[in-house]
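Right, one structure below, let's go through it.
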Amino acid sequence: MPFRKILVPIDFSESSVRALRLAVALARHSGAELGLVHVGILPHIYSAEIGMSGAVGPLFTQAGEQLAREQRHNLEKLAHEEIPDTLRHSIDVREGYPPQEIITLVADGGFDHVVMGTHGRTGLKRFLLGSVAERVVREAGVAVTVVP
């Protein structure tokens with residue numbers, strides 16, 4: 001069964017670029033649409049939690065908005081470099097907890113496949129930082145291809 005919509009989470013690591021290249025090949029073969037997403041944790045999320053409000057709060061908001069613009073620009077540039085004009089694609093920049101945002105986007109966006117990179121963390125780093133790919137594999141409810 002060919003895929004119709006492939007989601008590719010991008011964190012700008014080498015493994016996520018390799019995942020994008022694989023997704024492009026799959027989309028060429030099946031005629032699928034690609035969806036690229038970058039999920040960032042923006043600074044203004046934490047401003048209220050650490051007691052920064054008043055005049056300082058807007059600084060975090062401005063920094064977050066600037067970071068989101070930069071992330072969107074970088075994602076558009078990557079899409080332009082890696083995705084042929086003949087393939088349909090969309091770009092989304094979100095903020096939040098990456099595994100949850102990816103899983104939500106899969107459900108809300110009608111994606112039937114996720115192709116994503118992994119950092120291959122082990123031991124203490126994996127325990128402390130978790131595995132985005134592992135959680136997406138367990139909870140997305142669609143086919144997930146993980147690229148090292």
task = Could you run through the range 1-34 and say how many residues are under 19 Å from R72 (Cβ atoms) and assigned to a loop (DSSP other than H, G, I, E, B)?
result = 4
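Here's the yes/no breakdown for (1) part of a loop (DSSP other than H, G, I, E, B); (2) within 27 Å of G141 (Cα to Cα); (3) modelled with pLDDT under 90:
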residue: E49; (1), (2), (3): yes, no, yes
residue: M52; (1), (2), (3): yes, no, yes
residue: F60; (1), (2), (3): no, no, yes
residue: E65; (1), (2), (3): no, no, yes
residue: R121; (1), (2), (3): yes, yes, yes
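The values are calculated or read from the model by the stated rules, or taken from the named source; none is laboratory data. Nothing here was measured: the structure is a model prediction, and the numbers come from that model. Backbone-built Cβ (ideal geometry, glycine too); neighbour counts: all protein chains shown.
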